[in-house]
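Here the structure is laid out as structure tokens; the discussion comes afterwards.
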Amino acid sequence: MKKFNIILALVVAIVAIMVTSCKENPYKYEIAKGHPEVIYARMSAPADSLITGAYMGNFVCLVGNNLKSTVKVDFNDKNAYINTSLVTENTMLVQVPTEIPVEVSNKIFLTGEDGTVVEFPFNVLVPGPVIVSINNEFAAPGAKATIYGDYFLDASIDPFTLTLPDGTVFGADDVELTKSAITFTVPANYSGEMGTINVHTVYGNYASPFIFHDTRNIILDFDEAGTPGDHGGYAAGNGWRGSTSRCDGAEVVPALDGNFLWLGGNMDENGGWADDPFEFDAWYSEGSYDLSSLPNMAAVLDAYELADLTMKFELFVPKDNAWQAGAIQMIWMGEVNGNTPHSTATYPRGIFNGWASTGSYFTTDWTTVSMPLKDFAFGPNGEAGADALTKDMFKGLSIFVFQGGVTGTACHPHFAIDNVRVVPN
């Protein structure tokens, strides 16, 4: 009898728990019977905006009846996730899939609990192409260049095209095309014309945010006046160290654009001070060497705030001499010559240590490096600079690969640098 009472007590307790659980969760989501009906669609906000289409990734609200019976939603041939927390009997908030449809029906398909498929007319809008960057803004004739972005799509009804500044037009069959990258070969007879690169797809047009072969304000091109590669910048350093200027056929680095700066040697894991192999100085000299007095540089400094400017250059680091320590430091020195600006945070500098995220850095071709002047705010070891960058500091410049504040691996890196410039963002 006692055993029976114990079992009965357990049964009663279990039933009580079940009843209590049901009472504590009266709003538990349950699939309704039958199939849904969609009357109209609107944006998630404002609620009074009715729509017949939306861009990929946007949230839309479907309004109708018995929407809790929906077990599957497809936009064209792409499935959308159903968040049951966003579904009621009369509304369903759902995100348009971010994948581009293969079979375009311009419909939403809702599958009900009873297997019925309900169709609702709706256009999934695909954004136009977007260009973000290019691996080498100075890709030479015959060289390959890759543009990065998104929505690079070809369509038979309105084919993809890429147009260079000189008017050269590439179709989809002329390039290596993916949704997020375009690789093309610069024509052998390309004149070097400067300008934007334009991409056209059935969904729209986009002009590059960068200028291809941008010669607007090159301050250091390492070429003598009147020679190939000269763009009005200074050819050699004006200081204690000029390092080495090299040209076509030097080591394993092909020339980008005439001569280029060559730095290289032994570097310890901390990027210790080794100025002879890793430093280039363009020191100020009144009346003869003043970067800010170059006509293009003077015009840029007059027309733009520093936050609206970016320092760029092309870089080549050979794989056999990979970079694993230290940082490329661009130090604007004003009229002060000597080593003092290198070692003090009084002189804010830009720091680029491309190896730090992976442990090693090399390139297979020339690569454009961009350093916004708003980020020139560091001392030699990556600490905050003591003073802000000002326009009167643009008279002298030192390029020095050292320190940076990140410990790496002892290495023997080589650096080829060309076409140092300051241009609008």
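The values are calculated or read from the model by the stated rules, or taken from the named source; none is laboratory data. Note that the coordinates shown come from a computational prediction; the quantities given were computed from them, not determined experimentally. A quick note on method: Cβ atoms are made from the backbone with ideal geometry, for glycine too, and the neighbour counts reach across all protein chains shown. These accessible areas exclude ligands, DNA and RNA; they are computed on the full protein's heavy atoms, side chains included. Shrake-Rupley method; radii C 1.70, N 1.55, O 1.52, S 1.80 Å.
Remark: the chain carries a charge dipole of roughly 2300 debye about the Cα centre, counting +1 on each Lys and Arg Cβ and -1 on each Asp and Glu Cβ. Would you mind checking the stretch 300-334 for residues with the amide N under 18 Å from a putative spin-label position 7 Å along Cα→C-beta of Ala410? So the set is 321-327. For the stretch 300-425, averaging the sequence separation of C-alpha pairs within contact (under 8 Å, six or more residues apart) and dividing by the residue count gives a relative contact order of 45 percent.
Can you tell me the orientation of helix 2-24 relative to the chain, as the angle in degrees between its alpha-carbon axis and the longest Cα principal axis, to the nearest 10? Approximately 60 degrees, to the nearest ten. Sort the stretch 363-425 into rounded, prolate or oblate with this rule: let a ≥ b ≥ c be the square roots of the eigenvalues of the Cα gyration tensor; rounded if a/c is under 1.5, and if a/c is not under 1.5, prolate when a/b is larger than b/c, oblate otherwise. It comes out oblate by the Cα gyration axes. For the stretch 215-295, the gyration tensor built on C-alpha atoms gives an oblate shape. Its axis ratio a/c (a ≥ b ≥ c) is at least 1.5, and a/b is not larger than b/c. Mind sorting out which of (1) 19, 32, 26, 15, 6, 2, 0; (2) 21, 36, 25, 14, 3, 0; (3) 27, 61, 12, 0 is the real P(r) over Cα pairs in 20 Å bins from 0, in percent computed from the coordinates? Label of the calculated value: (2). Using C-alpha pairs below 8 Å separated by at least 6 residues, the relative contact order for the stretch 142-237 is 24 percent. Packing-based ranking of 232-238, 39-45 yields 232-238, 39-45, ordered from highest to lowest mean Cβ neighbour count within 10 Å.
Applying the criteria of a DSSP loop state and at most 15 other Cβ atoms within 10 Å to the GluC sites (Glu not before Pro) of the stretch 254-310 yields Glu269, Glu286, Glu305.
Nonpolar atom fraction for the stretch 159-202, defined as the carbon and sulfur part of the 1.4 Å probe accessible area, stands at 49 percent. The fraction of accessible area contributed by carbon and sulfur in the stretch 270-425 is 49 percent, rounded to a whole number (1.4 Å probe; ligands and nucleic acids excluded). Under the classification rounded if a/c is under 1.5, otherwise prolate if a/b is larger than b/c and oblate if not, where does the stretch 60-153 fall, given a ≥ b ≥ c as square roots of the Cα gyration tensor eigenvalues? Verdict is prolate for the stretch 60-153.
Any idea which of Phe394, Thr91, Val423 is furthest toward the positive side of the dipole for the chain, if Lys and Arg beta-carbons carry +1 and Asp and Glu beta-carbons -1? Of the candidates, Thr91 comes out farthest on the positive side.
At a probe radius of 1.4 angstrom, the accessible area of the chain per residue rounds to 47 square angstrom. Annotation: peptides 417-423, 295-301, ranked by per-residue average of other Cβ atoms within 10 Å with the highest first, follow the order 417-423, 295-301. The accessible surface of the stretch 57-128, taken with every protein chain in place and a 1.4 Å probe, is 50 percent carbon and sulfur. For the chain, relative contact order (Cα pairs under 8 Å, six or more residues apart, normalised by length) works out to 13 percent.
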